[in-house]
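The values are calculated or read from the model by the stated rules, or taken from the named source; none is laboratory data. Since this is a predicted model, take the numbers as computed values, not measurements. Note: ideal-geometry Cβ built from the backbone for every residue, glycine included; neighbour counts use all protein chains shown. Ligands, DNA and RNA are stripped out before the accessible areas are found, and what is left, the full protein with its side chains, is counted by its heavy atoms. Shrake-Rupley method; radii C 1.70, N 1.55, O 1.52, S 1.80 Å.
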Amino acid sequence: MVVDWQSRRALTGSHDCRLKLWDLDHCICVGTFLSKDHPAFCLAADWAAGRALSASWDRHQGHPIRVWDLHTGQHTSVLRAGAKTRCLALDWASNRAASGGE
């Protein structure tokens with residue numbers, strides 16, 4: 001889960017291949033993003049730019065890290081991590097991300 005306390009939003013991922021965008025003030029889901037065969041276990045977000053990363057442990061798909069548009073709910077690109085991703089760190093300003101895992 002990744003939270004923006006200032007705007008009172010959260011993004012969650014799960015084993016059911018869905019990312020959910022939450023309005024924390026009203027405790028409601030305001031968006032569901034389908035990632036097909038991509039369970040989302042690690043998340044990072046740039047709330048101001050409206051984009052996020054999700055990482056999966058799916059070895060059959062090359063351990064994908066997907067880039068999402070939070071406004072449309074569509075993923076815009078896929079990166080291959082090469083191993084199970086346990087954590088993500090990113091710097092959106094320099095357009096760099098790092099993943100750690102097995």
- Message: Using Cα springs under 10 Å in a Gaussian network model of the chain, which residue among THR72, THR32, THR12 shows the largest mean-square fluctuation?
- Response: THR72
- Query: Between exposed trypsin sites (Lys or Arg not before Pro) in the chain, where DSSP calls loop and at most 15 other Cβ atoms lie within 10 Å, what's the longest gap?
  - Reply: 37-102
- Running Debye on the chain with equal point scatterers at the Cα sites and no solvent, what base-10 log of I(q)/I(0) appears at q = 0.14, 0.18 Å⁻¹? -0.48, -0.79
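Over the chain, with the other protein chains present, what is the accessible area per residue in square angstrom, probe 1.4 angstrom?
59 Å²
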- Task: Using a 10 angstrom cutoff on alpha carbons, build the Gaussian network for the chain and name the most mobile of ALA55, ALA40, ALA81.
- Result: ALA81
